[in-house]
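Novice: Got a structure for you, questions after.
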C-alpha cells in the first residue's frame, strides 16, 4: 500500500458555492437538515447510569499504519524529539461508513493531520491520510467529533509556538463522500479563542457548538438553517484538560459536558478519568457531579485521542495512545463498552 498524502489546500479549502435551488433541491436540503437534527438529538434516559454501565477495562486493539507514516513520525523516538514534533490528539467513529478518524498535528511542518481507518481482511488499517494547513500556520487539530455526516474540528497552535496567537480555525466538513470531503459554509475563524476540542449538539431547535481550552469552554449558537455561529457565553472552568470534551443530552432536557484527564505516573500506568459536568447554558455555568476511572494500562491515554460513542442508550469510550509504536507500524487503542 503506497503512502498517500493529500494537501488540504487542494481538497478542503475550495469555497463551496451554492446556486439558486429549484424546489426539488430545496426539499432535499430540508430533508438533509431534518435528518441531521434527528440524528444529533438522540438523548439518554439517564446519563450518569449510562456511564456506570461502561466496563472499566477493555482488550487492546491495533490500527495498522504501514505505508502512511515515516519510521519515526508520530512516535516517541529521539529522532522525533520524544514526541514533541507531532502527536495524535483526537479520535471519532463514523458509523455511516464504519470508519475511524484520528487527528493530530506536526509542529515542525505546521500541518494538521487526519487519518482514516477501517477494517480490511480482519484487520483495522489506515487507508487515507490528509493534511490540513492554515493561512496563519495553525497546525494542531485537537479533539474531533462526527455527528451525522458532519465532521467538527478546530485547528490551533500549541505550546510555545506563537503562544500569543489566541485564534482558531473552526471547521465543519461534509464527509458523506470520503473521497470528496467538503468544507461547509458554517466553518469560521474564532478570533477570541484558542480551541483544543470541538463538539456539537442540537438543542431546543437551535445548533450549538462547544469549543474548549484550558480554563474555559465557549458556547456558540446559530439558527439551524443559517450558516453563522455567534458566541453565546463562556464558561470559565477547567473542564477541558488538554484532550477532549463531549456534550451529552438527557431526555428530560438536561445537558452534560464530559471532560477527560490522564494523571501521569512515572512507574505505574497512568490513571485515566472522565469528569461529568451538569450544564446551565443560560447562566454560563457547569457543575461537576461525577468522576469515572478507566484502565488503559499504557495501551491508550485519556490525555490523547479519546471520545465517547453513543449507540441508542448505550455509551462506550474509545481511546488510543498519543503515539504510533516506535518499533512497529501500528497504533494501540481500546474501546470500553
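The values are calculated or read from the model by the stated rules, or taken from the named source; none is laboratory data. Note that the structure is a prediction, hence the values are computed from the model and not measured. Every residue, glycine among them, receives a Cβ derived from its backbone with ideal geometry; neighbour counts consider all protein chains shown.
Novice: What are the residues in the range 81-99 that are in contact with a strand residue (DSSP E or B) (Cβ under 7 Å, 6 or more places away or on another chain) and without any contact (Cβ under 8 Å) to a residue 40 or more places away in the chain, if any?
Specialist: Selection gives 85, 86, 98.
Novice: Being surrounded by fewer than 24 Cβ atoms within 10 Å (Cβ to Cβ) and either under 28 Å from residue 208 (Cβ atoms) or at pLDDT below 95 (or both) narrows it down to one of 86, 80, so name that one.
Specialist: 80
Novice: Oh, and also: I'm told residue 239 meets every condition in (1) surrounded by 15 or more Cβ atoms within 10 Å (Cβ to Cβ); (2) more than 19 Å from residue 291 (Cβ to Cβ) except one. Can you identify the failing condition by its number?
Specialist: With respect to (1) surrounded by 15 or more Cβ atoms within 10 Å (Cβ to Cβ); (2) more than 19 Å from residue 291 (Cβ to Cβ), residue 239 is out only on (2).
Novice: Further, regarding this structure: Take the conditions more than 26 Å from residue 151 (Cβ to Cβ), at pLDDT 95 or above, outside any loop (DSSP other than H, G, I, E, B) and out of contact with any helix residue (DSSP H, G or I) (no Cβ under 7 Å at 6 or more places or on another chain) and apply them to residue 219. Does it pass?
Specialist: Judged against the criteria, residue 219 is not a match.
Novice: Please count how many residues of the range 198-216 are outside any strand (DSSP E or B) and farther than 25 Å from residue 305 by Cα.
Specialist: Within the range 198-216, residues that are outside any strand (DSSP E or B) and farther than 25 Å from residue 305 by Cα number 2.
Novice: Looking at the range 249-263, is at least one residue farther than 22 Å from residue 201 by Cβ, crowded, with 22+ Cβ neighbours inside 10 Å and out of contact with any helix residue (DSSP H, G or I) (no Cβ under 7 Å at 6 or more places or on another chain)?
Specialist: yes
Novice: Right, residue 286: within 16 Å of the chain's Cα centre (by Cα) and either part of a strand (DSSP E or B) or modelled with pLDDT of 95 or more (or both) or not?
Specialist: Answer is no for this residue.
Novice: Let me ask something additional. Do we have any residue at all in the range 271-280 that's more than 16 Å from residue 142 (Cβ to Cβ), part of a loop (DSSP other than H, G, I, E, B) and over 21 Å from the mean Cα position of the chain (by Cα)?
Specialist: no
Novice: Does residue 293 satisfy the criteria of being touching a helix residue (DSSP H, G or I) at 6+ places or on another chain (Cβ under 6 Å) and closer than 21 Å to residue 46 by Cβ?
Specialist: No, not satisfied.
Novice: How many residues does the range 298-337 hold that are part of a loop (DSSP other than H, G, I, E, B) and touching a strand residue (DSSP E or B) at 6+ places or on another chain (Cβ under 8 Å)?
Specialist: 15
Novice: Exactly one condition in (1) crowded, with 19+ Cβ neighbours inside 10 Å; (2) at positive phi is false for residue 229; which is it?
Specialist: Unmet condition: (2).
Novice: Counting just the residues of the range 24-54 that are part of a loop (DSSP other than H, G, I, E, B) and within 22 Å of the chain's Cα centre (by Cα), which one comes out modelled with the highest pLDDT?
Specialist: 54
Novice: Which of the residues spanning the range 100-153 are outside any strand (DSSP E or B) and either in contact with a strand residue (DSSP E or B) (Cβ under 6 Å, 6 or more places away or on another chain) or touching a residue at least 60 places away in the same chain (Cβ under 8 Å) (or both)?
Specialist: 133, 134, 138, 139, 142, 144, 148, 149
Novice: Looking at 225, 195, can you tell me which residue is under 15 Å from the mean Cα position of the chain (by Cα), in contact (Cβ under 8 Å) with a residue 24 or more places away in the chain and assigned to a loop (DSSP other than H, G, I, E, B)?
Specialist: Exactly one residue qualifies, and that residue is 195.
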